[in-house]
Amino acid sequence: MIGEAGLTTALHERGYVLSERDPDYVVLGETRAYSTEAITRAIRLIDAGARFIATNPDPTGPSPAGLQPATGAVAALISKATGVKPYFVGKPNPLMMREALRAIDAHSETTVMIGDRMDTDIVAGMEAGLQTILVLTGITTAEEAERFPFLPSRSSTRSPTSSTASVTSRGQPAGRQPAGASSGRPPQITSAHRHRTGSPRPEPRTPPKRPRYHLLHHHEPSGSSPPQ
């Protein structure tokens, strides 16, 4: 496993065993400290037969200093070296959206997806039948959003956790339907991102016996937070 405490905790809660030998899977997640040693070990384990899973395909993420490599970029490096492509379990995979809705006991008609990337967050919400809000303080800019063949339902110029966020409804040009706009019902802001704002997480379900995972890297830089 390459990632930080959030991913390690999630695997433990689901009953997975982190193993140092002969893992069934190599799991790649988000971290601010990708280690060359950990990546090399992942390549060797996958080349030896371990299955490859990654959390999300985002190639970059924001930081105070500018863009930094994210899971998708490291996954591409490992895939190039091994010839094995990962299965991305996170957005825009519909599996994640269905599991998130079930975890918070919500329905797609009354749920909003909030995110800062058109190519993962907004398309994930759209394909899951949710209304969507694009936050313009992250990766995708307003100008870049216009280049996509789909639109978010709304856009916001501030963080979705801010009580003063400015939310703008988008128009509906011919042939372009705002993501999730098929429902006429106004949604509650109980999005798949709600756990980022501190809402209580549901109690984990008791899992069946699971395969073992290899703990490749577990380094948390000082002051960092668990990956989302």
Highest to lowest packing among 68-74, 6-12, scored as the average C-beta count within 10 Å: 68-74, 6-12
Net length gained if the chain between Glu143 and Leu77 were fully extended (0.36 nm per residue, minus Cα distance): 20.8 nm
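Read the figures in this text as sums done on the coordinates, not as results from a lab. Quick caveat: nothing in here was measured; it's all calculated off a predicted structure. Using ideal geometry, Cβ is built from the backbone for each residue, glycine included, and neighbour counts are taken over all protein chains shown.
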